[in-house]
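> Dropping a structure here in structure tokens format, bear with me for questions.
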Amino acid sequence: MPTLLIADDHPLFREALRGAVARVLPDAALREADSVDALYALVEAESDADLLLLDLNMPGAQGFSALVHLRALHPQLPIVVVSAREEPATMRRALDHGAVGFIPKSADAVTLGEALTTVLDGDRWAPAAAFAAPAANAEEHDAAQRLRDLTPQQFRVLQMLGSGLLNKQIGYELGVSEATVKAHVTAILRKLGANNRTQAVLIAGRLALDPGAIVPPPEEAD
């Protein structure tokens with residue numbers, strides 16, 4: 001009996017995806033997460049899961065960052081991106097960052113069934129346009145390689161920096177001291193090869209769906 005994980009913050013879409021999966025794999029055990037924090041806990045609890053269906057726009061992550069980081073932490077877990085962003089370049093970037101498939105949210109039940117069957121058999125699946133699109137560039141791959149070295153907590157802190165939060169605000173959200181946050185920031189800067197939080201956010205921003213839209217965070221003493 002396969003175990004599938006569904007990570008999407010929209011309850012209606014999770015419900016629709018559950019129904020679609022049940023029609024194709026009636027014996028599958030389904031587990032769900034509605035945020036990146038919940039997803040990390042779920043993946044830890046379901047370490048033998050057969051497949052993760054991951055939305056790109058999960059709260060707590062930007063673009064392909066969660067995909068890249070999860071692939072580093074759990075290389076044994078196949079990940080299929082399920083997204084409403086259906087540009088060929090976006091689909092290709094997901095594959096280049098380790099996804100075994102990309103299923104557009106507009107896909108019908110037949111297409112979804114074909115995709116799930118294909119990836120569970122160990123092959124890749126995506127619309128043909130994905131394979132014809134240009135590959136992710138070298139700077140993006142370099143950013144992905146650096147991001148893989150972060151711990152889960154450092155990853156959370158980096159995403160919060162990208163949201164413009166200051167150390168004190170991050171500490172409040174995570175339930176840790178400001179000194180602990182500063183230590184995390186120092187480690188993040190070292191691992192990413194950044195001189196300050198602005199550089200760190202811009203490096204991580206290379207993995208955003210729209211890198212040009214990334215806004216540098218406010219600076220403060222680290």
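The values are calculated or read from the model by the stated rules, or taken from the named source; none is laboratory data. Bear in mind that the values here come from a model prediction, so they are computed numbers and not experimental data. All Cβ positions, even for glycine, are placed from backbone atoms using ideal geometry, and neighbour counts span all protein chains on display. Calculation scope for accessible area: heavy atoms of the full protein, side chains included, ligands and nucleic acids excluded. Shrake-Rupley method; radii C 1.70, N 1.55, O 1.52, S 1.80 Å.
> Taking Rh as the Kirkwood radius, which is the inverse of the mean 1/r over Cα pairs, what is the Rg/Rh value for the stretch 3-132?
On the way: Rg = 13.1 Å, Rh = 14.4 Å.
Here Rg/Rh amounts to 0.91.
> Once both axes come from the Cα atoms, what is the angle between helix 109-120 and the longest principal axis of the chain, in degrees from 0 to 90, rounded to 10?
That helix lies at roughly 70 degrees to the long axis.
> I would also like to ask the following. Using the heavy atoms of the protein chains alone and a 1.4 angstrom probe, what is the accessible area of the stretch 138-206 per residue in square angstrom?
Numbers: 3210 Å² over 69 residues.
For the stretch 138-206, the solvent-accessible area averages 47 Å² per residue.
> Can you quote the Å³ per residue value for the convex hull of the Cα atoms in the stretch 90-222, rounded to an integer? Let's see the in-between values first.
Details: hull volume 18.0 nm³, N = 133.
It is 135 Å³ per residue.
> Suppose all protein chains stay in the model; what accessible area per residue would a 1.4 Å probe give for the stretch 3-132, in Å²?
On the way: 5310 Å² over 130 residues.
On a per-residue basis, the stretch 3-132 sits at 41 Å².
> In the calculated pair distance distribution of the chain, what percentage of Cα-Cα distances lie above 24 Å? Walk me through the numbers on the way to the answer.
Numbers: 10410 of 24531 pairs.
So the pairs more than 24 Å apart make up 42 percent of the total in the chain.
> With +1 assigned to the C-beta of every Lys and Arg and -1 to the C-beta of every Asp and Glu, and no other charges, what is the dipole magnitude of the stretch 138-206 about the Cα centre in debye, to the nearest 20?
Numbers: 9 positive and 6 negative charges, 30 e Å.
Once rounded to the nearest 20, the dipole reads 140 debye.
> Between THR117, ALA130, ALA99, whose Cα lies farthest towards the positive end of the dipole of the stretch 3-132 when Lys and Arg beta carbons carry +1 and Asp and Glu beta carbons carry -1, centred on the Cα centre?
Ranked along the dipole, the leading option is ALA130.
> Let me ask something additional. Sequence neighbours fewer than 8 away in the same chain don't count; with that in mind, list the lysines whose C-alpha is under 25 Å from LYS191.
Answer for LYS191, where 25 Å is the Cα cut-off: LYS168, LYS182, listed by chain and number.
> Using the Kirkwood radius over Cα pairs, work out the Stokes-Einstein diffusion coefficient for the stretch 1-80 at 25 °C and 0.890 mPa s, in µm²/s as a whole number. Mind showing how you got there, number by number?
Values: Rh = 12.6 Å.
Once the numbers are plugged in, D ends up at 195 µm²/s.
> Roughly how many debye, to the nearest 20, is the charge dipole of the stretch 120-160 about its Cα centre, given +1 on each Lys and Arg Cβ, -1 on each Asp and Glu Cβ, and no other charges? Before the final figure, lay out the partial values.
On the way: 4 positive and 6 negative charges, 37 e Å.
Dipole of the stretch 120-160, to the nearest 20 debye: 180 debye.
> Karplus couplings for the stretch 18-28 from phi (6.51 cos²θ - 1.76 cosθ + 1.60, θ = phi - 60°), rounded to Hz, Gly and Pro as x?
Coupling constants for the stretch 18-28: 4, x, 5, 5, 4, 5, 8, 10, x, 8, 5 Hz.
> Turning to a different aspect of this structure: Calculate for the chain the 222 nm mean residue ellipticity that helices alone would give, adding -39,500 (n - 2.57) per DSSP H run of length 4 or more and normalising by residue count, nearest 500 deg cm²/dmol. Mind showing how you got there, number by number?
Values: 11 runs with 111 residues, N = 222.
Result for the chain: -14500 deg cm²/dmol, rounded to the nearest 500.
> Sorted by accessible area with a 1.4 angstrom probe, largest first, how do TYR172, TYR40 fall? Walk me through the numbers before you get to the answer.
On the way: TYR172 185, TYR40 15 Å².
The ordering from most to least exposed comes out as TYR172, TYR40.
> Taking the Cα centre of the chain as origin and charging only Cβ (+1 Lys, Arg; -1 Asp, Glu), how large is the dipole, in debye to the nearest 20?
Values: 19 positive and 29 negative charges, 95 e Å.
Rounded to the nearest 20 debye, it is 460 debye.
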